[in-house]
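Trainee: Dropping a structure here in structure tokens format, bear with me for questions.
What follows is calculated from the coordinates using simple rules that are stated; it is not laboratory data. Since the structure is predicted, the reported quantities are computational estimates derived from the model, not experimental observations. Positions of Cβ are generated from backbone atoms using ideal geometry, with glycine treated the same way; all protein chains shown enter the neighbour counts.
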Amino acid sequence: MNGMPFDLQKIGKQQSTYFNLLAEIGHTKHFGGLAATKRLVEIIKPKPGHEVLDVGCGVGIGAVFLAEKFGCRVVGVDITPRMIQRAQDRAQRKGVTELVDFRVADMHALPFAGSHFDAAIAESVLTFSQDKTYVVNELARVVKQDGMVAFTEAIWVRPPPEGKADFMARAGGMPEGILTHEEWRAIVAASNLEQVVAEATPVTARQESRNQAGRTSFDDYIRSFGGFFKAITRPEYRQVFRSAIGSTPRDFYKYIGYGVYGGRKIAN
Ligand SMILES: C[S@@+](CC[C@H](N)C(=O)[O-])C[C@H]1O[C@@H](n2cnc3c(N)ncnc32)[C@H](O)[C@@H]1O
């Protein structure tokens, strides 16, 4: 790592309000939902005894899934302290506290020695960085030689109509908005990973609701309804909600999909 180009203090207020709202609701998501997570799993091939890093773990849905299904150890990190509390609660409810460890950390400066993990994943997290290739290399740094880095992001599968492109960027504080598949492919190609994976998958509204339902239990829904109605009493959260989730374009699924990217770490 050649010095950190970002100041933790400078994380935009907009981003942190958005992340805190999601943490209060108690639910985080990524496009592609369970289908995208399963594709990351195929790439990283987690096994019992492996240690996997989940960067930007949110409320811990992916990390707990990996621990429960594959018996691997998972360390989840997230910039939002409330997400980490939520993730710890989730691990407790699911009975996997022996296998998971959650802590607050920034993806630009992971608090781990080089070549530590067997694999690293991130689900809808790199989009919040201003230097995405730098973050890919930071994930690669903490993975052992020959280990895999894999991540998923929302992508434009065709150019959105004028004025629609930046609605999520405005709301969620994505510095460059949603990127295209080619832009993500170029980011990974410029990184220290080899045998690069770059796959784009369009989704329909119906497929996407199935993808999301696959990673959300009935119990999760009830909890997030409760969290939502509590959070929405606060004006700053109401405003984020209105400008983001509330203003999703109706024909969104004509343009949106998810990409899966990654590769193998070949050298330190
Ligand atoms: C869209 S949510 C996705 C959460 C989770 N991966 C999932 O799929 O449910 C993005 C997450 O990235 C976290 N995040 C944003 N910037 C970060 C940073 N610089 N370092 C670590 N985590 C970050 C946010 O706090 C939030 O939990």
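Trainee: Within straight cross-link reach of residue 45, meaning Cα distance under 15 Å, which aspartates and glutamates are found once same-chain residues fewer than 8 apart are removed?
Mentor: Candidates past the 8-residue exclusion: 54, 68, 118, 146.
Trainee: Given DSSP loops and a limit of at most 13 other Cβ atoms within 10 Å, what is the longest stretch of the chain that contains no such GluC sites (Glu not before Pro)? Display every interim value, and only then the final one.
Mentor: Numbers: sites that count: 98, 162, 176.
Between the exposed loop sites, the longest stretch runs 1-97.
Trainee: Could you give the radius of gyration (one decimal) and Dmax (whole number) of the Cα atoms in the chain, in Å?
Mentor: 17.3, 50
Trainee: Search the structure for amide H atoms under 5 Å from the amide H of residue 31, placed 1.01 Å from N in the peptide plane, and list their residues when 5 or more places away or on another chain.
Mentor: Amide H neighbours of residue 31, under 5 Å, 5+ apart: 154.
Trainee: If each residue's Cβ is checked for other Cβ atoms within 10 Å, how do 57, 72 rank with the fewest at the top? Don't skip to the answer; put the middle values down first.
Mentor: Working: 57 31, 72 21.
Lowest to highest Cβ neighbour count: 72, 57.
Trainee: Could you work out how far apart the two model spin labels at residue 16 and residue 162 are, taking each label as a point 7 Å from the Cα in the direction of the beta carbon, and quote it in nm?
Mentor: In this crude spin-label approximation the distance works out to 3.8 nm.
Trainee: In the Gaussian network model of the chain, springs joining C-alpha atoms below 10 Å, which of 70, 128, 112 carries the largest mean-square fluctuation?
Mentor: Greatest mean-square fluctuation among the candidates belongs to 112.
Trainee: Which whole-Hz couplings ³J(HN,Hα) result when phi for each residue of the stretch 184-189 is put into the Karplus expression 6.51 cos²θ - 1.76 cosθ + 1.60, θ = phi - 60°, listed in order with x for Gly and Pro?
Mentor: Coupling constants for the stretch 184-189: 5, 4, 5, 4, 6, 4 Hz.
Trainee: On full extension of the chain, what length is gained from residue 68 through residue 238, given 0.36 nm per residue of separation minus the C-alpha to C-alpha distance?
Mentor: On the way: separation 170, 0.36 × 170 = 61.20 nm, distance 3.48 nm.
Working it through step by step, the gained length comes to 57.7 nm.
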